[in-house]
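**Q** Structure provided below as structure tokens; questions to follow.
Any read-out appearing in this document is the output of simple, stated calculations on the displayed coordinates, not a laboratory observation. From a predicted model like this one, the values you see are computed outputs, not experimental measurements. Please note: Cβ atoms are built from the backbone with ideal geometry, for glycine as well, and neighbour counts cover all protein chains shown.
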Amino acid sequence: MTLRNPTLTRVIFLLLPIGISLAVAAALVIAVGRDPLDVVDALWQGAFKDSRKLGGVFNFWIPLSLVSIGLVVTFRAGLWNIGVEGQMMMGALFASWGAQYILLDESLAALLHILLLCLAALGGMVWAWLVGALKIRLGVNEIFGGVALNALVNVISIYLISGPWQPRIGGSAQGTEPFPKPALLPEYAPTFPVNIFMVALVMVAFVIIYALLNRTRWGLNLKAVGKNMRSAQLLGVATERTSMSAFLVCGALAGVAGSYRVLFTFDNLRPLASGGIGFLGLLVVLLLSIRLLWVPLVAFAFAAILTGSTRLQIAPSLKLDSSLAGVMQGMLVLFVILFQGVREVLFPVQNPTPSSSPTSQGGESQTQQVSFSQGDGDNIEAEKR
Amino acid sequence: MNPEFLNTLGSIVGTATPLVIASLGETVTERAGVVNLSLDGSLTLAAVLGFAAAWTAQEAGVLDVPGQIALGIAVAMLVGALIALLIAFSSIKLRRDQVAVGFVLTLLAADLARFLGANFTRIPGPQITRYAIPVLSDLPIIGTILFRQNLLVYASYVLMFAIWYWLFRTGGGLTLRAIGERPEAAYARGARVQRLRYWYTALGGALVGLAGAAYSLNVKPGWSSPPAMQGDGWIALAIVIFGGWHPFRVVLGAYLFAALRAVSSNIQTNGLFLFGQEISFPFVLLNTLPWLLMIVTLLVVSGGLTERLLQYMPRAVQRRLRAFLRSDPPKALGTRFELE
């Protein structure tokens, strides 16, 4: 290869996967007999036509950014927090409980909102703690623990909606009654239906987590645990506590994200209220090789595609399933990951500095990461014996 | 024995079959040291494309019914194999993490299935029919349970024994286990580690695809959104761990899960009676049972808790019980093999 310019290589390997994934998506659209340009137009109209639509983008961006920021923390510690979807849902459940049973006057709405968000964070943390405890104490791989706990909380929410919390009239599995007005988060303006306080909260969370990861000992410990559990332990890092703290931080953020869905987006609790945003957050973070800096931006792009995709079904020339949005996002992440590999194979780095990414890392940390069915705590115990 | 009870057992064997085939496929893949995490997505995509192929052939009238079924199965197996190969390729050639690529493919394949399946929602298509094996189906008890099924179910029996025989009774199986446990040693003894990993990953993926076809052409005929088999891929992955990567135990696990599901769905439709009294209980919560069982079985086989409980047992029992309960993954599972 004659390409010697590293910046040029980087740009090419950034654009190539984007172009290819778009081309594949376009081919799919053509295959089902539609015009790709119509799709682009519909997505754009659906996301940016007016300020109300833009508000819709922000309403996906808020929860998506929150979970993605949380997932950067768990990925740093080498943990696959697939349970994030369930943690969102648990946050939504806790917030829904508070919204229905903590009845405060309209004048105390601000206090109530803070209470509800704290409850939601607590809910997410409880579910994250379970994943962490199963992984760290009992050796259940966090991927499977997370998947099972996701399913559990979904069943619980359906039970609550069709049982104790069902609407007084016409109880069905569709959702609870709308929450009392003081509990709902207010919108900035009817033309821009977004809760500004939550936008600010996302930014605060971003800055705090950024500082914690890059400026504190805790951030360093997370990295050490994520890269090599054994050597972190030998260096005196409390690995179990560090892993658990990562789960808890992510759980709290996911819980708040979940509460936004029920306290603002829907105004009531519905089955699957988390709406796959947790999984989408995993994609965002994988796409970025767990670099926090670009999370808000990529989350915004993903949120725009998601918002725009609702128009795919309505637009008369299209009538396409909105899952095309997921296909585009999935393709993009897949090709970005694959092309990182292509780049490394074609242009090997002289002094390989293994990045902490789960998608591009040295063999050693990988063995640790995919320690199926055998908890790390367990390994250590076995060694002491 | 009560014939109705036997029929129920028979239907459990029937509905368990996709889980059995998918977990057996994943067992083969993981024995070779590769994790195909995409099961939940690849099952769905294979199911919808298999159904779409069979249905299209039916509408075009180019094949007879067995031909349509065979085409559907072939397409589904191809889809499963291709997804699996992509994971193997990204790990072996591009040095990507198998779990990351597998997870992305899980979501991508599921969304692709919804997108491509939109036009095939709730339409009737060809289905695999029952075929009672002449002499065997007349056997008392097991005849009804095992031998009044369809060909895919019989295929799953054959697969179980074939995979067991290959793994533990042949030289090729020894190599297969070696490349999943100690690829360096296997390489030193002349095994072509990478090439074999491609083969076995593709084979396992093809079986996952077959399981997808078993859903859409038999157990949950047709296609609907959200897909009827959602979540089963994850259960199959957990069953492989529960089964300790041993075909017989894996199949046992799949039947256990299917039985639990049958019981809970039966209670949800018919209610629960104990000593003639109807028990009232929010039956929706029974849907948690498969997932609770998943956590509990992983807890038991994964060490931590079991080890602690074993400490209180007498020495003589300890060892046997540990061998019975614990299951350790192939040592090189999820790792890359590279010659330095």
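**Q** What's the average, rounded to a whole number, of partner chain beta-carbon atoms within 10 Å of each residue's beta-carbon in A:316-329?
**A** Numbers: counts 0, 0, 0, 1, 2, 9, 4, 10, 5, 2, 7, 10, 3, 4.
Per-residue shielding by partner chains comes out at 4.
**Q** What would the Debye formula give as log10 I(q)/I(0) at q = 0.16 Å⁻¹ for the alpha-carbon point model of region B:87-136, no solvent?
**A** Reported log10 I(q)/I(0), two decimals: -0.69.
**Q** Given an 8 Å cut-off on Cα distances and at least 6 residues of separation, report the relative contact order of chain A as a percent. Working shown, then result.
**A** Values: 614 pairs, mean separation 123.3, N = 385.
Rounded, it is 32 percent for chain A.
**Q** What does the net charge come to around B:Ser90 if you take all other residues with beta carbon closer than 15 Å to its beta carbon, with K and R at +1 and D and E at -1? Could the numbers behind the result be given before it?
**A** Details: positive: A:Arg343, B:Lys93, B:Arg95, B:Arg96, B:Arg197, B:Arg336; negative: A:Glu344, B:Asp97, B:Glu338.
Residues near B:Ser90 contribute +3 overall.
**Q** Pairs A:Lys53/A:Lys181; B:Lys220/B:Lys331; A:Lys227/B:Lys331; A:Lys135/B:Lys220; A:Lys227/B:Lys93; A:Lys135/B:Lys93: which are spaced more than 27 Å apart, C-alpha to C-alpha?
**A** B:Lys220/B:Lys331; A:Lys135/B:Lys220; A:Lys135/B:Lys93
**Q** Any idea what the relative contact order of region B:122-187 is, in percent, if you count C-alpha pairs under 8 Å spaced at least 6 apart? Display every interim value, and only then the final one.
**A** On the way: 38 pairs, mean separation 12.6, N = 66.
Result for region B:122-187 is 19 percent.
**Q** Where a ≥ b ≥ c are the square roots of the eigenvalues of the C-alpha gyration tensor, would you call chain A rounded, which needs a/c under 1.5, or, failing that, prolate if a/b is larger than b/c, or oblate?
**A** Values: a/c = 1.86, a/b = 1.14, b/c = 1.64.
Here chain A falls in the oblate category.
**Q** Mind running the shape call on region A:1-94? Use the C-alpha gyration tensor, a ≥ b ≥ c as the square roots of the eigenvalues: rounded below 1.5 for a/c, prolate if a/b tops b/c, oblate otherwise. Each step should come with its number before you reach the end.
**A** On the way: a/c = 2.09, a/b = 1.17, b/c = 1.79.
Verdict is oblate for region A:1-94.
**Q** Using Cα pairs closer than 8 Å and at least 6 residues apart in sequence, work out the relative contact order for region B:3-325, in percent. Provide the component values of the computation, followed by the final result.
**A** On the way: 506 pairs, mean separation 101.8, N = 323.
Contact order relative to length: 32 percent.
**Q** Now a separate question. In the protein assembly as shown, if the dipole is taken from +1 on Lys/Arg beta carbons and -1 on Asp/Glu beta carbons about the Cα centre, which of B:Leu108, A:Phe192, B:Met160 is farthest to the positive end?
**A** Going by the Cα projections, it comes out as B:Met160.
**Q** If you don't mind, another one. Only Lys, Arg, Asp and Glu count, each charged at its Cβ (+1, +1, -1, -1), so figure out the dipole size of the protein assembly as shown about its Cα centre, rounded to 20 debye.
**A** 1680
**Q** Moving on to the next point. If you take the square roots of the eigenvalues of the alpha-carbon gyration tensor of the protein assembly as shown and sort them as a ≥ b ≥ c, do you get rounded (a/c under 1.5), prolate (a/b over b/c) or oblate?
**A** rounded
**Q** With springs connecting C-alpha atoms under 10 Å apart, model chain A as a Gaussian network and identify which of A:Ile102, A:Ile12, A:Ile277 has the largest mean-square fluctuation.
**A** Evaluated over chain A, the most mobile residue of the options is A:Ile12.
**Q** Taking chain B as a Gaussian network, where each spring joins two C-alpha atoms under 10 Å apart, which residue of B:Pro330, B:Pro134, B:Pro290 fluctuates the most?
**A** B:Pro134
**Q** Report the charge-dipole magnitude of region A:135-247 in Debye, nearest 20, computed about the Cα centre from +1 at each Lys and Arg Cβ and -1 at each Asp and Glu Cβ.
**A** 540
**Q** What size of dipole, in debye to the nearest 20, comes out for region B:3-325 about its Cα centre when the only charges are +1 on Lys and Arg C-beta atoms and -1 on Asp and Glu C-beta atoms? Walk me through the numbers on the way to the answer.
**A** Values: 23 positive and 14 negative charges, 245 e Å.
Around 1180 debye, computed over region B:3-325.
**Q** Please find, in a Gaussian network model of chain A (springs between Cα atoms separated by less than 10 Å), the residue of A:Arg168, A:Arg76, A:Arg215 whose mean-square fluctuation is greatest.
**A** Per the Cα network of chain A with a 10 Å cutoff, A:Arg168 tops the list.
**Q** Toward the positive end of the charge dipole of chain B, about the Cα centre and with charges on Cβ (Lys, Arg +1; Asp, Glu -1), which of B:Tyr312, B:Leu37, B:Phe120 goes farthest?
**A** So the residue we want is B:Tyr312.
**Q** Tell me, B:Thr170, B:Thr17 in order of fewest to most beta-carbon neighbours within 10 Å? Don't skip to the end; give the middle numbers.
**A** Values: B:Thr170 11, B:Thr17 27.
Starting with the residue having the fewest Cβ neighbours, the order is B:Thr170, B:Thr17.
**Q** Using a 7 Å offset from Cα along Cα-Cβ at B:Leu272, what residues in region B:284-327 end up with backbone N under 17 Å from the label point?
**A** Within reach of a label on B:Leu272: B:284-293.
**Q** If you take each beta carbon of peptide A:128-134 and count the beta carbons of other chains within 10 angstrom, what is the mean?
**A** Working: counts 0, 0, 1, 0, 0, 0, 6.
Taking the mean over all residues of the peptide, I get 1.
**Q** Then there's this: Counting Lys +1, Arg +1, Asp -1, Glu -1, what net charge surrounds A:Gly46 among other residues with beta carbon under 9 Å of its beta carbon?
**A** Counting the neighbours of A:Gly46, the net charge comes to +3.
**Q** Please give me, ordered by residue number, the trypsin sites (Lys or Arg not before Pro) of region A:1-59 that lie in loop per DSSP and have at most 10 other Cβ atoms within 10 Å.
**A** Those that pass, being in a loop and sparsely packed, are A:Arg4.
**Q** Projected onto the charge dipole of the protein assembly as shown (+1 at Lys/Arg Cβ, -1 at Asp/Glu Cβ, origin at the Cα centre), which of A:Leu149, A:Val327, A:Trp218 gives the Cα projection farthest towards the positive end?
**A** With unit charges placed on the Cβ atoms, the residue in question is A:Trp218.
**Q** Using a 10 Å cut-off around each Cβ of peptide B:330-337, what is the average number of partner chain Cβ atoms that fall inside?
**A** Going residue by residue through B:330-337 and averaging, the value is 3.
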